[in-house]
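The values are calculated or read from the model by the stated rules, or taken from the named source; none is laboratory data. All figures in this text were calculated on a predicted structure; none of them were measured in a lab. Here the Cβ positions follow ideal geometry from the backbone for every residue, glycine too, while neighbour counts run over all protein chains shown. Accessible surface is based on the protein model in full, side chains and every heavy atom, while ligands, DNA and RNA are left aside. Shrake-Rupley method; radii C 1.70, N 1.55, O 1.52, S 1.80 Å.
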Amino acid sequence: MTRTWTLIGADGRPYESRTPGTLGGHRRSRIYGRLDCPGALRWIARGHYVPHRVFFADEVAARAAGFRPCAVCLPDAYRCWRASVQDGDPAG
């Protein structure tokens, strides 16, 4: 039996993958980041973050699903996202 992981696709729907996700996100805040993000790890340790945690294969899928990059662990991606939002790009 091969292990699978549930990831969120670009369409925002879960799917089974044989490869674990490289990024984690939060359903409510719509933010994604690295799996070792200090902010996310603090919330996970408190038990508050876990029920709303989602995983993505890559940044393209996370952005397409409507999530934004974390300012803490992905500062360059966050700056690009922020600039695109300020320029009026509805996709962010």
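What to note about this one:
- Of all residues in region 37-88 being under 17 Å from LEU7 (Cα atoms) and assigned to a loop (DSSP other than H, G, I, E, B), the one that is most open to solvent (accessible area, probe 1.4 Å): ASP58
- Test set (1) in contact with a Phe, Trp or Tyr (Cβ under 6 Å, 6 or more places away or on another chain); (2) part of a strand (DSSP E or B); (3) not basic (Lys, Arg) - GLU16 fails condition number: (1)
- Remark: pairs (first residue in region 79-91, at pLDDT 90 or above; second residue open to solvent by less than 60 Å² (accessible area, probe 1.4 Å) and in a loop (DSSP other than H, G, I, E, B); Cβ separation under 8 Å; 6+ apart in sequence or on different chains) = TRP81/GLY92; SER84/GLY92.
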